[in-house]
Structures are given as C-alpha cells and as structure tokens.
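Undergrad: Sharing a structure below in structure tokens format, with a few things to ask.
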Amino acid sequence: MRVWIAMVLSVILLSGCGTSQQVHNDNNGKQASSPLVGPHWVLTLMGTDQPWQGDDKAYFELQPDGNGLRLSGSDGCNRLMGEVTLGEGRRIAISELASSRMACPGQAQSAQVSQLLSQAHRYLIDHDRLVLMGRDGHVLAGFRKTNK
C-alpha cells in the first residue's frame, strides 16, 4: 500500500511539470508499442480513495486498429468501446466512448467509469499499476494489469 501511495504522490508532482502539448496521432507504430497496449487493466481504485466495489470487474484493453488504438472493456455492467490516441509526455485521449445500455445493480458506480475514462489526459505506469490523471493533474483512477 505504501508503494501505491508513493506512486500516486509522484504522479501528482510529475503532472505539474508538463507543458500544454496536444495529444497527437503517431502513425508510425509507436502507439502500438506502448506498455498500455495489450494488457488487461482492471480498475481497483476510483480517485485516490474509493475502491471498486462492483460484483463484476471494470476493465479495459487497448489494441491496435489501423492507424490508432481501439479501447474495449467493461464498466462493471456494460461493454465499453472507444478510440484512443497516445501522445508525448504520457498523454492519453479517449474519444468516441460508447457503451451498451443494460440495467444492473451498481449502475451509478459503473457510470463513473465512463466519465473518468473520458476525462483521462495523462497516465503513469509503475510495474503492474496504471494511474490515469485528468487535465488538472488529479488522480482519476488506479488499475492493475492482469492476465484476464
């Protein structure tokens, strides 16, 4: 747990050091070689202190799709799909995010997943942990890499 707290604090400090670069589409394959691409990222923490409590796991995966990346996953209730662009300085932009519309218990928490993914602006990976941050540098969520 100490490592996780230290990582979150590091993320907050590092996020203030960035410039206002725009996320750009890198058509030469660098996006596909990102450590974000391929693994199954399971949501463990919303914000810095709200553990995921759904019966079904919320997760996402990124896969190459033409010149970009395709997001697929679940918000713990509904299937998610969208487009992702990675940029310099660990920038991330998730767009065209859509989901199925099933009614499930815990739907309010599931709706937060789509919102935090849409707000993601920067990411940090430390071993098997991923942190997504918003434009203001606040931590949106923490994920853990799994083998499905």
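Undergrad: Dividing the convex hull volume of the alpha carbon atoms of region 70-148 by its residue count, what do you get in Å³ per residue?
TA: 101
Undergrad: Which FRET efficiency, nearest 0.05, do Asn67 and Ala103 yield, Cβ-Cβ r, R0 25 Å?
TA: About 0.10, to the nearest 0.05.
A short reminder: the numbers here are calculations on the coordinates, not readings from a lab. Since this is a predicted model, take the numbers as computed values, not measurements. Please note: Cβ atoms are built from the backbone with ideal geometry, for glycine as well, and neighbour counts cover all protein chains shown.
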